[in-house]
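Read through the structure below, which is laid out as structure tokens, and then see the notes.
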Amino acid sequence: GGRVVKTLAIMGGDYPEGRECNLCGDRGAAAFIFETLAMPPPDGSVLRVVYVGLQVGLPVLTGARLTQCGPAKESPIRAAYIDYLEGPDRDRPSWDQLTALVAVRGVDGVDGLRECQDCVGANQFNADTNDCWNVWHPHKEEWETLSGNNTVEVDLAVGLWGGSCTCPDGQVYQVGDEGNMCGSLACYGGTSGPCIQQISDSWANKKANCAGLRRRKPISGSPQTYMELADAKAASKVVDDLIRPRSPQR
């Protein structure tokens, strides 16, 4: 049989949230691509999609070293940089080079880059407003309860002042404060709101224990993630070492 594409590296988007011209330049075409990627491959294979966005390549500046390294001054890469940048000793961001390296070497094979861990999100397009954006934060429908349910119980060690406790599933509970001095709310496994310095029966002596969440296994479509910049200097060296002129082999 023929070869199967396992990874698709896309230079585009602004992650975790924003807009970028490669995805928003032709919204209709981009929307079609992402609708297609949302469907499982017909042959049952798994296509992994990796985005290399605006913020990854922006600080990774390369090109100026091309006029300083080696005698191969007829290098077409060197000539392309000088022509595009209208002169030698000039740098430009390296989105495209990093995307190509991710495609060839994989998400763990490019120094200075790392794969975003536990990322959930979507590239969204609105045909009515002709708008597009990336939203790459946890979405409620992508998660499920890990074990048990949220619980609220009375604990006399919890104070009479209090406030809100938001559990990972979005449920909000009123809880008291630890130590009766608004030191912290009795919110375990969730996100505490501000402590309110007044007594209320709705939160007095109450504490909340939130159930954990886990990602649902994808039931269709292609698993998607994006790359993050961990070390701009290391990433710049990888690209510069790749494109620098070399003497011809004899």
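Can you tell me which residue within the range 28-59, out of those that are hydrophobic (A, V, I, L, M, F, W, C) and part of a loop (DSSP other than H, G, I, E, B), is farthest from ASP91 (Cα to Cα)?
Here the residue is MET39.
Could you list all residues from the range 175-206 that are under 17 Å from ASN149 (Cβ atoms) and in a strand (DSSP E or B)?
Within the range 175-206, VAL175, CYS187, TYR188, LYS206 qualify.
This table checks each residue for (1) at pLDDT 75 or above; (2) crowded, with 20+ Cβ neighbours inside 10 Å.
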{"site": "ILE10", "(1), (2)": "yes, yes"}
{"site": "CYS21", "(1), (2)": "yes, no"}
{"site": "ALA38", "(1), (2)": "no, no"}
{"site": "VAL52", "(1), (2)": "yes, yes"}
{"site": "THR67", "(1), (2)": "no, no"}
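State the number of residues belonging to the range 94-113 that are surrounded by 15 or more Cβ atoms within 10 Å (Cβ to Cβ) and farther than 15 Å from MET11 by Cβ.
Count: 3.
Being of a type in the set (A, V, I, L, M, F, W, C) and within 13 Å of ALA204 (Cα to Cα) is the filter here; which residues of the range 166-186 pass it?
Correct list: VAL175, MET181, CYS182, LEU185, ALA186.
Suppose we keep only residues that are assigned to a helix (DSSP H, G or I) and touching a residue at least 60 places away in the same chain (Cβ under 8 Å) within the range 1-27. Which one would you say is nearest to GLN224 (Cα to Cα)?
Ranking the candidates gives LEU23 first.
To keep it simple, each residue is scored yes or no on (1) in contact with a Ser or Thr (Cβ under 8 Å, 6 or more places away or on another chain); (2) closer than 30 Å to ASP26 by Cβ; (3) surrounded by fewer than 13 Cβ atoms within 10 Å (Cβ to Cβ); (4) modelled with pLDDT under 75.
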{"site": "VAL154", "(1), (2), (3), (4)": "no, no, yes, no"}
{"site": "VAL158", "(1), (2), (3), (4)": "no, no, no, no"}
{"site": "CYS165", "(1), (2), (3), (4)": "yes, no, no, no"}
{"site": "GLN171", "(1), (2), (3), (4)": "no, no, no, no"}
{"site": "GLU178", "(1), (2), (3), (4)": "yes, no, no, no"}
{"site": "GLY183", "(1), (2), (3), (4)": "no, no, yes, no"}
{"site": "ASN205", "(1), (2), (3), (4)": "no, no, no, no"}
{"site": "ALA208", "(1), (2), (3), (4)": "yes, no, no, no"}
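Answer with yes or no whether LYS217 is modelled with pLDDT of 85 or more and basic (Lys, Arg).
When the stated conditions are applied, LYS217 does not pass them.
What's the number of the condition GLY106 fails, among (1) modelled with pLDDT of 65 or more; (2) at negative phi?
(2)
Kindly indicate whether ALA103 is among the aliphatic types (A, V, I, L, M) and either assigned to a loop (DSSP other than H, G, I, E, B) or farther than 26 Å from ASP231 by Cα (or both).
Spelling it out, it is not the case that ALA103 is among the aliphatic types (A, V, I, L, M) and either assigned to a loop (DSSP other than H, G, I, E, B) or farther than 26 Å from ASP231 by Cα (or both).
Before we move on, is ILE77 over 26 Å from the mean Cα position of the chain (by Cα) and either outside the structural domain of LEU113 (by TED's automatic domain parsing) or of a type in the set (A, V, I, L, M) (or both)? It would help to see each step written out before you state the result.
Working: over 26 Å from the mean Cα position of the chain (by Cα): yes; either outside the structural domain of LEU113 (by TED's automatic domain parsing) or of a type in the set (A, V, I, L, M) (or both): yes.
The answer is yes for ILE77.
Out of all the residues in the range 131-143, is one or more among the β-branched types (Val, Ile, Thr) and either at pLDDT 65 or above or not assigned by TED's automatic domain parsing to the domain that holds TYR51 (or both)?
The answer is no; no qualifying residue exists.
The values are calculated or read from the model by the stated rules, or taken from the named source; none is laboratory data. Just so you know, these numbers come straight off a predicted model, no measurement behind them. Note that we place each Cβ from the backbone using ideal geometry, even for glycine, and neighbour counts take in every protein chain shown.
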